[in-house]
Amino acid sequence: MKVTVDTSRCQGHGLCAALSPALFELDETGRSRLTGETAGRAALPDDLLEEAADAAASCPEEAIILAADSDVETPGRTPLVRLSLGDLLRRVAGEVPGRAALVDGDPLGSGRQWTYAELLAESERIARALLLRFRPGDRIAMWSANTPEWALIQYGAALAGLVLVTVNPALRRDELAHVLRQSRSRGLFYLERSHGIDRTAIVEGLAPELPELETVVGMSDWDAFVDTSDPAIALPEVRPEDPAQIQYTSGTTGAPKGAVLHHLGVVNTALNAGRNAGYVEGGVFVNTMPMFHVGSCVQGAVAALALRETHVLLPRFEPGLVLDALERYRGTNILLVPTMLLALVETPGVADRDLSALETILMGGATTPAALSRRAGDLLGCEIAIGFGQTEVHGVVTQTSLTDSPEDKAETIGRPLPHMRVRVTDPATGQVVPRGVSGEIRTFGYQNMTGYFELPEENAATIVDGWLRTGDLGVMDERGYLTVTGRLKDMIVRGGENIYPREIEEALFAHPSVSHAEVIGLQDEYWGERVAAVVRRDPAGPPVTAEQLYVYCRENMAAFKAPRAWFFVEEFPATPSGKIQKFALRDAIAAGSLKPDWQAPERRTATKETPR
C-alpha cells in the first residue's frame, strides 16, 4: 500500500503545511506543496505514510489517494449521510422551505411549481394515500414519461417505505409484463398515453394475467387517488439501508434485470456526484433525462434536492426545448449523455443562445469522446464533468472534478468518488492488474446495489466477495485516474488479438466527416470475429467514403484493428436514455436489414498480421 499526495489539487487552505511542516510548505500563493517537490505529486516512503495521510485528510479537498497496483480508494472527508430519501427531503424542507424545489418545465404544461415546504407536504399526502393500499416493503411501479407526478411519487414512495419500480415508458406489452411479474409489483401508476403507446389498453389486457398486481392508477385519476390520503396515518421509520427502488438495466446487452437500490446509495451517490460536478446551493438543475433512469432520478432529482437546488423537469429531450429551458430558467447544471450533447452542439444557432448561467454539464450513460467534450466546453462556455457508472452502482462511481486538467476531463473518467473503491482486474482470474494494463473495472463500497431482485445466480456471478463486476474494461494510471477502453462483452477477438472498440471509435470521432461511430464484432469463420464500423456522417463535414475511412484507420492504428466492414446510417438504435444498442446493430446486420456500404478484402493467412 502506498499513499500518493496530489498537492496540485490544493485550494489554498494551508492545512497540510501547518500540520506537517516537514512534508509540506506553502508556496507564494498560500497553497501547500510537497517539500522539495516541483511536480506537485510524490509517492511517499513507508515511514511517512501515516503523517502524510493525517495531514492530507485534514484538507477539505481530495488530495490523497490510497493505492496498490490498479486499486484505488478515495476516503471521505465527511461521513456518509445516513438518511433515507424521505428524511433528506424533510431536512431540506426545514432549511429552505420557501425555495422553489420542483418546476414543471413542459412549455405546454400547467407551469406548476412547488416550494420545498409544499413538496414535502404533497409527498407526505401521497405517502399516506399509498399506505391505505400497500405495506412498507411492497413494490409499486411507475410507467410514465417525465411529469411532475413522477418526482412526487418518488418521494411519496420513499416516505411510505415502499420500493419504487421504475419502468421505461417505451416498453411494450410483453416487456412491461416481464418487469411487473419479475418484480412482483402490487401497484402500477401510469401515464395513459405517450411515445405513441395507448397504455390503458395494454394495462387492461395485462392486469388479469398478474394476480399480484392489485392496484392500477392512471394519471387522469391521480388527484382522486391522492385525495384519499388520511392525515391520521403514521408514516413508518425508513432506514438508510432499506431498499428504495428497483431499476431495470437498460437492455443494451440483453434481457433487463432489476437492480435493487437502497436509500443510503441513492442519497450519497447523488450528493457526492452533484458536489463534484459543481452543483451549488440555489442553483437550477434542468432535467431532460427520463426519470425512470438512474441518472435522472438520482444524479438529477436527488442531487438537486441534496444541494438545495431548483429541479426543472422537462418532458423529454429535444435540443430546442432544452436550450429554451436553460435560457428561461437560467439553468446552472444539466445532465446529458453523449448523443444528447452532440445534438445540442449541432443545433443551428446554439452559439447565439444566452447560456451564461450554465456552469457545468455532468456527462454519463456512455463514454464521452474526448473531441466532443472539448468542442462542447468551448462552444457552450461551461465546465464538463465526466461520470462513469451504471445502474448497479446507483449511477456514478468515478468522476472527473472541476479542478482536473483539461486533458483529464477530456480523456479520463476521473477517480472514485468519496467512500468508494475501484480496481482493475484480469477478467478471467479476478487478480488486480498493474497500472497501465487494461482489465475489468470492479467496485467496492456503499454504492454497490443490494443485488438483482430474486436472481441469485446472476448475483453470484456479478458480486464476488463484495466486489461488483461492472463488465466495463478500463486502464488506471499512476494517479488512480481511470480511462474506459470498452465493454467486456463488446471486446472483439480477431485471430487471437484483443481489439477494444472504444479505441477505434475515438479515432473515427476525430475525423472531420464523422458525426458518430460504433464499432462491433461480426462472426467470421476464419478469424473468429471481424471488425465492423457503423458510421453516421457529419452533414457539415467534407464528403467521405468508407474506403477513405478505412485508409484513415490504417494510418492511425495497427492494421489488424482497422474495420473491414463499413455501414452508413442516419440514426442509431438507442435506449430512451440515449445509450446505443450495439446488439441491435448486430441483429440488423445478421437479418440483412442493414447492409454494408463497402468491405475491405480480408487476408486469409495462417500467420498473424503484423501491427503497424
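The values are calculated or read from the model by the stated rules, or taken from the named source; none is laboratory data. Values in this document were obtained by computation on a predicted structure and should not be read as measured data. Cβ: placed from backbone, ideal geometry, glycine included. Neighbour counts: every protein chain shown.
If Val345 satisfies every condition in (1) β-branched (Val, Ile, Thr); (2) in contact with a His (Cβ under 9 Å, 6 or more places away or on another chain); (3) within 25 Å of Val280 (Cβ to Cβ) but one, which is the exception?
Among (1) β-branched (Val, Ile, Thr); (2) in contact with a His (Cβ under 9 Å, 6 or more places away or on another chain); (3) within 25 Å of Val280 (Cβ to Cβ), the lone unmet condition for Val345 is (2).
Kindly indicate whether any position in the stretch 413-433 is aliphatic (A, V, I, L, M), assigned to a helix (DSSP H, G or I), farther than 20 Å from Thr332 by Cα and in contact (Cβ under 8 Å) with a residue 40 or more places away in the chain.
Among the residues of the stretch 413-433, not one is aliphatic (A, V, I, L, M), assigned to a helix (DSSP H, G or I), farther than 20 Å from Thr332 by Cα and in contact (Cβ under 8 Å) with a residue 40 or more places away in the chain, which makes the answer no.
Can you name the residue in the stretch 422-439 that is of a type in the set (D, E, K, R) and at pLDDT below 95 and is also farthest from Arg77 (Cα to Cα) among such residues?
Here the answer is Asp426.
Scan the stretch 453-466 for residues that are touching a strand residue (DSSP E or B) at 6+ places or on another chain (Cβ under 6 Å) and surrounded by 19 or more Cβ atoms within 10 Å (Cβ to Cβ) and jot them down.
Phe453, Thr462
Given the conditions (1) modelled with pLDDT under 95; (2) assigned to a strand (DSSP E or B), which single one is not true for Ala533?
That leaves (1) as the condition not met.
Consider the stretch 75-91. How many of its residues are buried (at least 22 other Cβ atoms within 10 Å of the Cβ) and not in a loop (DSSP other than H, G, I, E, B)?
Matching residues across the stretch 75-91 total 4.
Being touching a strand residue (DSSP E or B) at 6+ places or on another chain (Cβ under 6 Å), charged (D, E, K, R) and over 27 Å from Thr443 (Cβ atoms) is the filter here, so list the residues in the stretch 482-512 that pass it.
Arg494
Please state which one of Gln447, Gln431 is among the polar types (S, T, N, Q) and within 26 Å of Ile580 (Cα to Cα).
Gln447
Could you run through the stretch 107-121 and say how many residues are surrounded by 19 or more Cβ atoms within 10 Å (Cβ to Cβ) and not aliphatic (A, V, I, L, M)?
Here the count works out to 2.
Any residue at all in the stretch 190-198 that is free of Cβ contacts under 8 Å to residues at least 60 places away in the same chain and β-branched (Val, Ile, Thr)?
Within the stretch 190-198, one or more residues are free of Cβ contacts under 8 Å to residues at least 60 places away in the same chain and β-branched (Val, Ile, Thr).
Given the residues Val437, Val475, which is the only one that is assigned to a strand (DSSP E or B), in contact (Cβ under 8 Å) with a residue 40 or more places away in the chain and among the aliphatic types (A, V, I, L, M)?
Val475
Within the stretch 68-127, count every residue that is modelled with pLDDT of 95 or more, more than 29 Å from Pro236 (Cβ to Cβ) and over 27 Å from the mean Cα position of the chain (by Cα).
Going through the stretch 68-127 one residue at a time, the tally reaches 0.
Among residues belonging to the stretch 92-109 that are acidic (Asp, Glu) and not in a loop (DSSP other than H, G, I, E, B), point out the one that is farthest from Val312 (Cα to Cα).
Glu95
Considering only residues that are surrounded by 20 or more Cβ atoms within 10 Å (Cβ to Cβ) and among the charged types (D, E, K, R), look in the stretch 507-536 and name the one that is farthest from the chain's Cα centre (by Cα).
Arg530
Scan the stretch 467-497 residue by residue and report those that are farther than 21 Å from Thr412 by Cβ, surrounded by fewer than 22 Cβ atoms within 10 Å (Cβ to Cβ) and over 22 Å from the mean Cα position of the chain (by Cα).
Result: Val493, Arg494, Gly495, Gly496, Glu497.
Take the residues in the stretch 573-588 that are buried (at least 19 other Cβ atoms within 10 Å of the Cβ) and of a type in the set (A, V, I, L, M, F, W, C), then tell me which one is nearest to Arg502 (Cα to Cα).
Ile580
Glu392 passes all but one of (1) closer than 13 Å to Asp71 by Cα; (2) within 14 Å of the chain's Cα centre (by Cα); (3) among the acidic types (Asp, Glu); which number fails?
(1)
State whether the residues of the stretch 316-326 include one that is modelled with pLDDT of 95 or more, over 25 Å from Ala157 (Cα atoms), surrounded by fewer than 23 Cβ atoms within 10 Å (Cβ to Cβ) and of a type in the set (Phe, Trp, Tyr).
Looking through the stretch 316-326, none of the residues is modelled with pLDDT of 95 or more, over 25 Å from Ala157 (Cα atoms), surrounded by fewer than 23 Cβ atoms within 10 Å (Cβ to Cβ) and of a type in the set (Phe, Trp, Tyr).
Among the numbered conditions (1) without any contact (Cβ under 8 Å) to a residue 12 or more places away in the chain; (2) buried (at least 20 other Cβ atoms within 10 Å of the Cβ), tell me where Ala201 comes up short.
Ala201 satisfies all of (1) without any contact (Cβ under 8 Å) to a residue 12 or more places away in the chain; (2) buried (at least 20 other Cβ atoms within 10 Å of the Cβ) except (2).
Quick one: which of Ala270, Ala232 is small (Gly, Ala, Ser) and exposed (fewer than 15 other Cβ atoms within 10 Å of the Cβ)?
Residue meeting the stated conditions: Ala232.
With the requirement that a residue be in contact with a helix residue (DSSP H, G or I) (Cβ under 9 Å, 6 or more places away or on another chain) and in a helix (DSSP H, G or I), what does the stretch 536-549 give you?
Leu549
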